[in-house]
Amino acid sequence: MPSLSSPSFSRLVAALKQHKKTCTVIESSCGGLINASILAQPGASNVYYGGSVAYNTRRAKPLLLNNPELHKTLTAPLTQDNAESEKERYIQSKVAWTQQTAIAFCEGMDTDICIAEGGATGPTFRPEGLDTGFAVIAIAAKSSQSSTKIVIVKQKLIESTHANRQVNMRLFADRAAELALQVITGGEEEEAAAEDTSQATVDKPHFDRATHLRADPEQLEALAQDAHYVILHQNATLFQTIPPQTQEDDDDNTAHNRKLQLLSQTQVQQVMDSLPNGARKETTFLGLLNDHQAIFGVDILSCNDDSSKVETAIHTTLNTDECHFQDTRTVAPLLASSCENEIVLHATALAQWQRRAPHCTVCGTITRLEDGGTRRVCTNTDCGHQSWPRQDPSMIAVVSNRQGTKVLLGRSKRHPAKMHTALAGFVEAGETMERAVAREVYEETGIRVDLDSVRYVASQPWPFPQSTMIGFTVEADEQQTLNVDTNELVDARWFDRSEVELASTVLGPVMQVPVANEALADNPALTLLIPPKGVLARQLIDTWLEGSSK
């Protein structure tokens, strides 16, 4: 079943409470999901009076305010039928239905607004020519001209690209909430309803892992047909570079100039058909983008580990050479969308786990993937052991002196020249995070930190191969003698604020050697480089910079 809560309804109920407005709902094809999603929000009882679901209008008179006139109007044929097809006629009937029910319920329940929804979600449809879901949403409210007059202030036709009932119910419910939110927060009233066929917009892209869909293979098969696919090969992902004139500002960092190159199911199959014999793929369900667009990951395996052959096949399929496989570790932080960053790290984590754990850890028998690729089951019937992806906790910390004027950063052997970053390491078995911070800093630099100064900042998945980075700031006495473990680090030293601040102005994937060398050549005054925005190490450094400037 679709989840009862979503960001759209959280915002709607918050706005209703803030503006001291009340609402009711009459819905049809969403089956009560709009009503339930409102009621699932904390404090909804202050703004929601209840509502109704009328799926079969002819038999639902008691559910339609038990109003004989309303029921007669809703079951009467359309008086103006200019539809050119059965599909258009059916949609027109829902336009009229939502207008009439929205006004009647807003008046009958004496609320400030009423949300009315009518449509068809799938998987089968009666009208000829109707193959995908749709919903008409109407919002009725008290007129600004008269508190006793109820009018339609918003109405919109929402069209889906598929016939998956559960996904469409969630999509249409959320669009209803978003349309109502526009009204509550100052949407302009319109005395006459006007059909708007544009797609509803979402404030920001959001990704839902939709775990409730994983165990339903039929649902996943239906979603796969219209899904978007993230393409992985070895330790790289298929990315596209965004032209400068189309980039959107993101945290004032114009270096965020990458986006995922997503393929359709047909395009994925065309790519696989054009690869040499022996190439195979593992497809994994990742979740839903904006509550309705299914996202899958495709890990292309074998192909002699030659990314150029896979890339050539993709360029031929897409008829473009503007996308390339690039190292996920260094390029993912440059994605313009934080939502895409989450998706690619999720896809990478699952692919890494699938590659590394094909056998049962109990009996050694080969396993099979279930739940859309997120669970392994031993094929030995005497065993049947199940396993899921795991993440290893790792600490990462920025150490500052007690005065907050200097910061201790280290340089690893794998980093470019002058690239210094936060200190990091794995958490030992039976060890607290705080103790891990103290131990790792001491082991790598010889510095004893003030244990009571450890402060949590944020975390980040780091599936290379299966870590979760947990970030902290901590203080220490800078007068201690540095004793760098050269097996772990090339160098570690204290930097003052001006040095780090200058390094923070460098943009681009500076973890890559050519980019780092170019930055150092352009500005010889740089005494260090620091990681780019988008990774946890940089967030910790920026947190220290902001604090040390106060």
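The values are calculated or read from the model by the stated rules, or taken from the named source; none is laboratory data. Bear in mind that the values here come from a model prediction, so they are computed numbers and not experimental data. Neighbour counts run over all protein chains shown; Cβ positions are idealised from the backbone, glycine included. Just so you know, the surface numbers come from the protein's heavy atoms only, side chains and all, with ligands and any DNA or RNA stripped out. Shrake-Rupley method; radii C 1.70, N 1.55, O 1.52, S 1.80 Å.
Between amide H atoms placed 1.01 Å from N, distances below 5 Å from Leu301 occur with Arg280, Lys281, Glu282, all of them 5 or more places distant or on a separate chain. Taking 0.36 nm per residue of sequence separation and removing the Cα-Cα distance, the Asn277/Gln225 pair yields an extension gain of 16.3 nm. A straight line joining the Cα centroids of region 495-537 and region 15-45 runs 49 Å. One decimal place: the segment Thr432-Ile242 gains 64.2 nm when fully extended, by the rule 0.36 nm per residue minus the C-alpha distance. Between helix 86-108 and the chain there is an angle of about 90 degrees, using the helix long axis and the longest principal axis of the Cα atoms. Think of a 1.4 Å ball rolled over the protein heavy atoms: region 320-388 then has 44 Å² of accessible area per residue. Placing unit charges on each Cβ (+1 for Lys and Arg, -1 for Asp and Glu) gives the chain a dipole about its Cα centre, and among Val398, Gln225, Pro68 the Cα reaching farthest toward its positive end belongs to Pro68. Taking only protein heavy atoms and a 1.4 Å probe, the accessible area of the chain is 46% carbon and sulfur. Going by accessible surface with a 1.4 Å probe and the largest first, Met419, Met169 read Met169, Met419.
Take region 492-531 with all the other protein chains still there, run a 1.4 Å probe, and you get 46 Å² of accessible area per residue.
Other residues within the sphere of radius under 11 Å centred on the Cβ of Ala417, judged by their own Cβ, net out at +1 (K and R +1, D and E -1). Choose one of Val268, Ile541, Leu350: the residue whose Cα lies farthest towards the positive end of the charge dipole of the chain (beta-carbon charges +1 Lys, Arg; -1 Asp, Glu; about the Cα centre). Highest projection toward the positive end goes to Leu350. Pairs from the list Lys20/Lys142; Lys94/Lys142; Lys21/Lys61 with a Cα-Cα gap above 18 Å: Lys94/Lys142; Lys21/Lys61. By DSSP, the beta bridges lying fully in region 376-518 are antiparallel in about 70 percent of cases. Assuming charge only on the beta carbon of Lys and Arg (+1) and of Asp and Glu (-1), the dipole of region 292-339 about its Cα centre is about 160 debye to the nearest 20. The string of couplings for region 492-504 from the Karplus curve (6.51, -1.76, 1.60, θ = phi - 60°) is 8, 7, 8, 10, 8, 4, 5, 5, 5, 4, 5, 5, 6 Hz, one whole number per residue in order, with x for Gly and Pro.
Each of Asn235 and Gln480 was given a label point 7 Å from its Cα along the Cα-to-Cβ line. The distance between the two points is 3.1 nm. How high is the FRET efficiency between Glu86 and Val490 when r is their beta carbon distance and R₀ equals 51 Å, given to the nearest 0.05? Here the calculated transfer efficiency is 0.10. Angle, helix 433-445 long axis vs. longest principal axis of the chain, Cα atoms, 0 to 90°, nearest 10? Roughly 30 degrees between the two axes. For the chain, the longest principal axis of the alpha carbon atoms and the long axis of helix 338-356 meet at an angle near 70°. The length gained by stretching the chain between Ala521 and Ala14 to full extension, at 0.36 nm per residue less their Cα-Cα distance, is 177.3 nm. Distances between placed amide hydrogens fall under 5 Å for Glu478 paired with Arg402, all partners being 5 or more residues away or on another chain. Here's how it looks for Thr468: its modeled amide H is under 5 Å from those of Asp392, Ser394, Trp462, which are all 5 or more places away or on a different chain. Applying the Karplus relation 6.51 cos²θ - 1.76 cosθ + 1.60 with θ = phi - 60° to region 115-124 yields 3J(HN,Hα) values of 9, 10, 10, x, x, 8, 9, x, x, 10 Hz, where x marks Gly and Pro. Between His385 and Ala458, the modelled label-to-label distance comes to 3.8 nm, taking each label 7 Å out from Cα in the direction of the beta carbon. Note that region 1-119 presents 50 Å² accessible area per residue, ligands and nucleic acids not counted, probe 1.4 Å.
Here is the list for region 4-94: chymotrypsin sites (Phe, Trp or Tyr not before Pro) lying in DSSP coil, each with at most 16 other C-beta atoms within 10 angstrom of its C-beta, are Tyr55.
Summarising the strand pairing of the chain, around 70 percent of its internal DSSP beta bridges are antiparallel.
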